[in-house]
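The values are calculated or read from the model by the stated rules, or taken from the named source; none is laboratory data. What you are looking at is a predicted structure, and each value in this text was computed from that prediction instead of being measured. All Cβ positions, glycine included, derive from the backbone under ideal geometry; neighbour counts span all protein chains shown. Accessible surface is based on the protein model in full, side chains and every heavy atom, while ligands, DNA and RNA are left aside. Shrake-Rupley method; radii C 1.70, N 1.55, O 1.52, S 1.80 Å.
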Amino acid sequence: MATRREPRFKLCRHLGVNVTGHPKAMKRSDPKKAAAVSARTGQKISQYGLQLLEKQKIKAYYGILERQFARYFDLAKKSDEMTGVALLKALECRLDNLVYRAGFARSIRQARQFVTHGHILVNGNKVDIPSYGVKVDDVISLKENIRTNPLVDANFNGLVSFNVPYIERDKNQFTAKLVREPMRDELPIDVNEILAVELYSK
């Protein structure tokens, strides 16, 4: 399975946003530089560059590669919703992302590892496919043998990064339920998906 392996903090500084959620990710970034200015050269970025940057942000937030992004984009174009919104909703409802949002894991990489190692259940059944599309009312839970892991317990009960209204968490049962589809303004990401759509629509 292909994964992103570049240095996470360096990627955050390059993109200008904290895509990892780690509190130290942007420690060495320059807050004086605007999003429209290149972190490398200090020069103003072209319109194409801005479009490319937004696409890179989306890929980084959800830990996906170019081929996966293209597949989700093609599906989003067939939706009745705006393409950009449909794209983000589909990515947000990936199993690995919801495992991360629910607090089972500290990062999208760790969430993907939990899924591929068979530690995650959906409606009581083991699912080891990170890209699995979670549906409304699906319940995500941890296998019994990993619930006592101190790291997992600290992640889930000490969650401070995300408190999104479309996920209902049960700390006693170590479960998280997708109660409804997320709305665009509820997604905890800083991207302009319209620019990314413009890039792919050329």
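Mind ranking 94-100, 66-72 by how tightly packed they are, going by the mean number of other C-beta atoms within 10 angstrom, highest first?
Working: 94-100: 24.6, 66-72: 14.3.
Per-residue Cβ counts within 10 Å, averaged per peptide and sorted highest first, yield 94-100, 66-72.
Between residue 79 and residue 65, what is the label-point separation in nm under the 7 Å Cα-to-beta-carbon projection?
Label at residue 65, label at residue 79, 2.4 nm between them.
Around residue 127, with a cut-off of 13 angstrom between Cβ atoms, what is the net charge of the other residues, counting Lys and Arg +1 and Asp and Glu -1? Don't jump to the answer; show the numbers that get you there.
Numbers: positive: 94, 112, 126, 135, 143; negative: 96, 128, 138.
My count for the surroundings of residue 127 gives +2.
To the nearest 10 square angstrom, how much accessible area does residue 198 have with a 1.4 angstrom probe?
We get 80 Å² for residue 198.
Which aspartates and glutamates, on any chain, are close to residue 171 with Cα under 13 Å apart, when same-chain ones fewer than 8 places away are left out?
Straight-distance partners of residue 171: 153.
Once you have the Cα-Cα distance between residue 144 and residue 107, take 0.36 nm times their residue separation minus that, and quote the gain in nm to one decimal. Intermediate values should be presented prior to the final figure.
Working: separation 37, 0.36 × 37 = 13.32 nm, distance 2.11 nm.
Full-extension gain reported as 11.2 nm.
Over 21 Å between C-alpha atoms is what I'm after, so list which of 55/135; 55/89; 55/177; 57/143 land there.
Numbers: 55/135 25 Å; 55/89 15 Å; 55/177 29 Å; 57/143 32 Å.
Result: 55/135; 55/177; 57/143 exceed 21 Å.
Taking the highest mean first, how do the peptides 164-175, 110-121 order by number of other beta carbon atoms within 10 angstrom per residue? Don't jump to the answer; show the numbers that get you there.
Values: 164-175: 14.8, 110-121: 19.6.
Taking the mean over residues of other Cβ atoms within 10 Å, the ranking is 110-121, 164-175.
Net charge near residue 105, counting Lys/Arg +1 and Asp/Glu -1 over other residues with Cβ under 10 Å of its Cβ?
Working: positive: 101, 106, 109, 112; negative: 96.
Neighbourhood net charge equals +3.
Given a 1.4 Å probe and heavy atoms of the protein chains only, how would you sort 46, 131, largest accessible area at the top?
Working: 46 65, 131 40 Å².
These residues rank, largest area first, as 46, 131.
Mind computing the radius of gyration and Dmax over the alpha-carbon atoms of the range 55-202? Å is fine for both.
Rg, Dmax (Cα atoms, Å): 15.2, 50.
Considering only protein heavy atoms, with the full assembly of protein chains and a 1.4 angstrom probe, order 143, 77, 89 by accessible area, largest first. Please report the intermediate quantities before stating the final value.
Working: 143 70, 77 115, 89 35 Å².
Order by accessible area, largest first: 77, 143, 89.
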